[in-house]
Structure formats: C-alpha cells, structure tokens
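Asker: Questions regarding the structure given below will be posed in turn.
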Amino acid sequence: MHVLHVIGARPNFMKAAPVHRALAARGITQTVIHTGQHYDAVMSDGILKELGLPEPDVNLGVGSGSHAQQTGQVMMAIEEQLGARRPDMLLVYGDVNSTMAATLAAVKLGVPVGHVEAGLRSGDRSMPEEINRLVTDRLSNLLFTPSTDGNDNLIAEGADPMSIRFVGNVMIDTLTRLLPVADGEAALRQFGLMNGAGPKPFVLVTLHRPSNVDEPAVLARLLSALENISARVPVLFPVHPRTRERIARFNIPHQRTILSEPLTYLPFLGLQRHAAAVVTDSGGIQEETTYLGVPCLTMRANTERPVTVTVGTNQLLGNDTNRMQREVLAILDGHGKKGRIPELWDGCAGERIAEALVLDVAAVDLA
Ligand code: UD1
C-alpha cells in the first residue's frame, strides 16, 4: 500500500504527524506533499521540524491568493503529482483550502480519499473552512471522526455509515507526545512571564479569522479589550501574519499588550499549559485547551468543535468584548470553567487510523 499525505497549512501539520508515524511503524510506503499554502519559516518549516515529520517529498509552492486561486493552483499541481505517483490512498487533514483542493483532484482521478477530522460542522457557511469540510466529507471514501458529533453530522447528511470511523482526535496524539518536552520555560522567560515562584498569571491570545481581523472596528475593539486586561495581568498575543498586516494597515493602537511573531508548536504548547486563560478564534486551540484543562474564551458565534463547549473548558463569546473582559477577571478570581477530556482524546487516534487503513480498507467499497 502507498499512502500519499497532502498538507498545506499550519494546523495540518500536527494532525498528519501521528498518522505518518503510525503508518511508518507498519512499514507502509508514504509520500508527503506540502502544497506551500503556508510558507513562512515559523508557520511551516519550524513547526514541521518540531513535529518530527519528514521533509516533504515535494513542496508545490502555491502560496497565498484568493480562495479560487489557491484552490485551483493546488488542484492543478496535485493532479499532476497523483497522476505520476498513483498512490492507493490520499489522506487529507482538517479544513483548509489545500484539503478540499487535493480531495477534488483525487476523486476525479479515481484515487480513494481518507479525511482525517471528518464530520465537524459549524453550520456557518460564511466561513471558508465550513465549505471545505462539506465538500471534502461528501467526496471522501473514509471519514475519520474526532468526536461523535462528527458521526451524527455525517449520518444526517446521508454519508454511508460503513465509511465512518470514530478514531478520536489526532491533534491530541501530538499534544500528549510532545507535552513532556514543552515546558514553556524559555518562552515564559523571553516574554517576562516568570517570577521567582514560577509562571505569573497571564492571558494568551490568538486571533486570525476574517470575522475578527478584517473589519477595522471589530479588530480595534478586540485590541482595546486586550489593553484593558493588560492593566491587570500580562497579555501575550503571538500575531498571525494576516492579523499583523491588518493591525498595521488599520493603525490600531496597542501599548501594554505584548505582540510577538507567531510561535512554533513547542513554545506555544508550553505557554498554553501555563496560561490562566486563552482567548482565541482558532479551532485547534479550543481542543488543546480542553485537553489541558485551561479555560478558553472563543471569539466566535459558533464552533465546529461543540464537544469543547459541552464537555471541555471552552466558552463561545461571539464578538462580545465586554464579556471577554468580565470572563477573564472571573477566571483570574478562580471561577474558570472546568471540563473533562472528551472520549478517545487519548493519544492513540493515529494508531486507530493506521489500523483502519491496514485492516479495513479491503472491506470498504473504495470504488
Ligand atoms: C488558513 C486556513 C485557516 C487556518 C489558518 C491557520 C483556509 C481557508 N484557511 O488561514 O482555516 O485556521 O490557515 O493559520 O485554508 N501569510 C503569510 N505567511 C504564510 C501564510 C500566510 O504571510 O506562511 C499571510 C498572507 O498574507 C496571506 C494571509 O496570511 O494572504 C492568509 O493566509 P491563507 O493561507 O490564505 O489563510 P490563513 O488566514 O492563514
């Protein structure tokens, strides 16, 4: 069996690593293609190295562009690669443009597709990721779900139950493997977040969704709320390139909030585990904070990861920046949301996917 993985953007990398590792342990031939959707040293190479993924066999160098440009370029380049390499299975991850584009190219060539992180739905079609999820799941032959809501969504949409495998959350495989080496100490020192006794209470922030960063007034309100919180505790905000460009272009003031370059996986994980609270609009961070038991305030009206709210430490705040400030104060006063770890978020999801591929592929009608 020859498995070809397509990865493209930062959140793909931590999902592909455990699957690659589990298939390698079974001696399966693998190819890794990086579309180049993310290309900055920190957003891509630095993270890949920390995760122990092998150097991609090919980087397609697609880069940034409009959705149609990015999707079309990935499709054309992947079609050529699939034609030349003829894998038995394409594995795609998550919900970025590269995921959907690779899937579309593969199904038309008759290459079976497995989607890792299938079935998640926010119900919000204004998000490009929701479109990518719908298309990828509809076309994939094997649907690996991270939580049972994923199974429910797929069944409700008419997916073949035989194609669905509830395997758990691959992000958590990477987290549990690397947590012992992610103490965060260097990053805590770098940003002045240590005192004699250990880490100081601090708030960790990431924001990059168009709904939060593309409108000057919305982004200004968020930054202003963070400035207010910074009067009480340090706020560290590693800034995605898209957000950095907007803050500069809209000329949004910030004095106390600590803005840094994006961080690679290990220092960021180390900071998350020590944060008093996390404010974010990322999908993966909602999951990581749930696993770590750190209260998470998500600046979105909806989430495709509802288990982080029903079971975990996550709260959806929409665009309510006043509530964000109140919730952070409540957390600092010891009233943070408590949660549990969802089912099968146990570090073994990659193993289950590899088992399914090795043992079950023959039983599924992949034609
Ligand atoms: C993409 C994903 C999003 C994911 C996010 C994680 C889609 C539709 N979106 O959003 O789901 O949460 O990645 O980061 O696939 N840029 C750089 N350097 C890079 C990459 C991007 O400077 O290495 C800048 C460019 O100005 C680019 C902008 O960021 O135009 C947006 O990049 P893009 O890959 O289109 O989407 P993300 O916002 O990163």
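Asker: Would you tally the residues in the stretch 66-79 being within 12 Å of the ligand (Cβ to nearest atom) and open to solvent by less than 40 Å² (accessible area, probe 1.4 Å)?
Answerer: Total meeting the criteria: 3.
Asker: Looking only at the stretch 268-285, count how many residues are part of a helix (DSSP H, G or I), open to solvent by 10 Å² or more (accessible area, probe 1.4 Å) and more than 16 Å from the ligand (Cβ to nearest atom). Before you say what the answer is, go through the steps one by one.
Answerer: We begin by selecting, within the stretch 268-285, every residue part of a helix (DSSP H, G or I); these are 268-274, 283-285.
Still in the running and open to solvent by 10 Å² or more (accessible area, probe 1.4 Å): 268, 273-274, 284-285.
Filter once more, keeping what is more than 16 Å from the ligand (Cβ to nearest atom): 273-274.
Summing the residues that are part of a helix (DSSP H, G or I), open to solvent by 10 Å² or more (accessible area, probe 1.4 Å) and more than 16 Å from the ligand (Cβ to nearest atom) in the stretch 268-285 gives 2.
Asker: Still on this model: Closer than 26 Å to Ile341 by Cα, acidic (Asp, Glu) and part of a loop (DSSP other than H, G, I, E, B): does that describe Asp183? Give the steps one after another, and end with the answer.
Answerer: Values: closer than 26 Å to Ile341 by Cα: yes; acidic (Asp, Glu): yes; part of a loop (DSSP other than H, G, I, E, B): yes.
Here the answer is yes, as Asp183 does meet what is asked.
Asker: Hey, among Gly46, Gly36, which residue is at pLDDT 95 or above, of a type outside the set (A, V, I, L, M, F, W, C) and not in a strand (DSSP E or B)?
Answerer: Gly36
Asker: A follow-up question, please. Do we have Ala159 as touching a Leu at 6+ places or on another chain (Cβ under 7 Å) and in a loop (DSSP other than H, G, I, E, B) here?
Answerer: Yes: the conditions hold for Ala159.
Asker: Sticking with this structure for a sec: Within the stretch 201-252, considering only helices (runs of 4 or more DSSP H) that don't extend past its boundaries, which have at least 1 residues that are in contact with a Ser or Thr (Cβ under 7 Å, 6 or more places away or on another chain) and of a type in the set (Gly, Ala, Ser)?
Answerer: Result: 216-230.
Asker: Under 8 Å by Cβ, and 6 or more places apart or on different chains, what pairs join a residue from the stretch 227-248 that is over 16 Å from Gln190 (Cα atoms) with one that is aromatic (Phe, Trp, Tyr) and more than 10 Å from the ligand (Cβ to nearest atom)?
Answerer: Between residues of the stretch 227-248 that are over 16 Å from Gln190 (Cα atoms) and residues that are aromatic (Phe, Trp, Tyr) and more than 10 Å from the ligand (Cβ to nearest atom), the close pairs are Val233/Phe202.
Asker: Quick check on the stretch 1-30: of everything there that is polar (S, T, N, Q) and open to solvent by 10 Å² or more (accessible area, probe 1.4 Å), which residue is nearest to His208 (Cα to Cα)?
Answerer: If we take residues in the stretch 1-30 being polar (S, T, N, Q) and open to solvent by 10 Å² or more (accessible area, probe 1.4 Å), then Gln30 is nearest to His208 (Cα to Cα).
Asker: Another question about this same structure. Can you name the condition, by its number, that Arg300 falls short on among (1) of a type outside the set (Ser, Thr, Tyr); (2) within 16 Å of the ligand (Cβ to nearest atom); (3) open to solvent by 20 Å² or more (accessible area, probe 1.4 Å)?
Answerer: Only one criterion is unmet by Arg300, namely (3).
Asker: Just to be sure I understand the filter: pairs with C-beta atoms under 6 Å, separated by 6 or more residues or on different chains, first member in the stretch 18-46 and under 24 Å from Cys348 (Cα atoms), second member among the acidic types (Asp, Glu). Which pairs pass?
Answerer: Listed pairs, sorted by first residue: Pro18/Asp173; Ala22/Glu351; Thr31/Asp57; Val32/Asp57.
Asker: Follow-up. Output yes when any residue across the stretch 237-245 is open to solvent by less than 50 Å² (accessible area, probe 1.4 Å) and more than 20 Å from the chain's Cα centre (by Cα), and no when none is.
Answerer: Scanning the stretch 237-245, I find no residue that is open to solvent by less than 50 Å² (accessible area, probe 1.4 Å) and more than 20 Å from the chain's Cα centre (by Cα), so the answer is no.
Asker: Out of all the residues in the stretch 202-220, is one or more within 16 Å of the ligand (Cβ to nearest atom), touching a helix residue (DSSP H, G or I) at 6+ places or on another chain (Cβ under 7 Å), open to solvent by 10 Å² or more (accessible area, probe 1.4 Å) and among the hydroxyl-bearing types (Ser, Thr, Tyr)?
Answerer: Among the residues of the stretch 202-220, at least one is within 16 Å of the ligand (Cβ to nearest atom), touching a helix residue (DSSP H, G or I) at 6+ places or on another chain (Cβ under 7 Å), open to solvent by 10 Å² or more (accessible area, probe 1.4 Å) and among the hydroxyl-bearing types (Ser, Thr, Tyr), which makes the answer yes.
Asker: Condition first: among the acidic types (Asp, Glu) and open to solvent by 10 Å² or more (accessible area, probe 1.4 Å). Now tell me which residues in the stretch 86-136 satisfy that.
Answerer: Of everything in the stretch 86-136, those that are among the acidic types (Asp, Glu) and open to solvent by 10 Å² or more (accessible area, probe 1.4 Å) turn out to be Asp88, Asp95, Glu117, Asp124, Glu129.
Asker: Checking the structure you have, find out if any residue of the stretch 52-59 is at pLDDT below 95, more than 16 Å from the ligand (Cβ to nearest atom) and open to solvent by less than 30 Å² (accessible area, probe 1.4 Å). Lay out the reasoning, then the answer.
Answerer: Here is the first cut: in the stretch 52-59, the residues at pLDDT below 95 are 52-55.
Filter once more, keeping what is more than 16 Å from the ligand (Cβ to nearest atom): 52-55.
Filter again for open to solvent by less than 30 Å² (accessible area, probe 1.4 Å), leaving 53.
Yes, some residue in the stretch 52-59 is at pLDDT below 95, more than 16 Å from the ligand (Cβ to nearest atom) and open to solvent by less than 30 Å² (accessible area, probe 1.4 Å).
Asker: Report yes if His5 is part of a helix (DSSP H, G or I), closer than 18 Å to Gly94 by Cα and touching a residue at least 24 places away in the same chain (Cβ under 8 Å), otherwise no.
Answerer: Numbers: part of a helix (DSSP H, G or I): no; closer than 18 Å to Gly94 by Cα: yes; touching a residue at least 24 places away in the same chain (Cβ under 8 Å): yes.
Here the answer is no, as His5 does not meet what is asked.
Asker: Surrounded by 17 or more Cβ atoms within 10 Å (Cβ to Cβ), farther than 22 Å from Ile229 by Cα and not aromatic (Phe, Trp, Tyr) - does that describe any residue in the stretch 309-325?
Answerer: Yes, the stretch 309-325 has at least one match.
Asker: Of all residues in the stretch 253-262, how many are under 17 Å from Ala187 (Cβ atoms), in a loop (DSSP other than H, G, I, E, B) and away from the ligand (no atom under 12 Å from the Cβ)?
Answerer: As a first pass, look at the stretch 253-262 and keep what is under 17 Å from Ala187 (Cβ atoms): 257-262.
Of the ones still in play, those that are also in a loop (DSSP other than H, G, I, E, B) are 257, 261-262.
Cutting the leftovers down to away from the ligand (no atom under 12 Å from the Cβ) gives us 257.
Number of matching residues: 1.
The values are calculated or read from the model by the stated rules, or taken from the named source; none is laboratory data. All values derive from a computational prediction rather than experimental measurement. Methodologically, a virtual Cβ is constructed for each residue, glycine included, from the backbone with ideal geometry; neighbour enumeration extends over all protein chains shown. We work out accessible area using only protein heavy atoms, side chains counted, and drop any ligands, DNA or RNA first. Shrake-Rupley method; radii C 1.70, N 1.55, O 1.52, S 1.80 Å.
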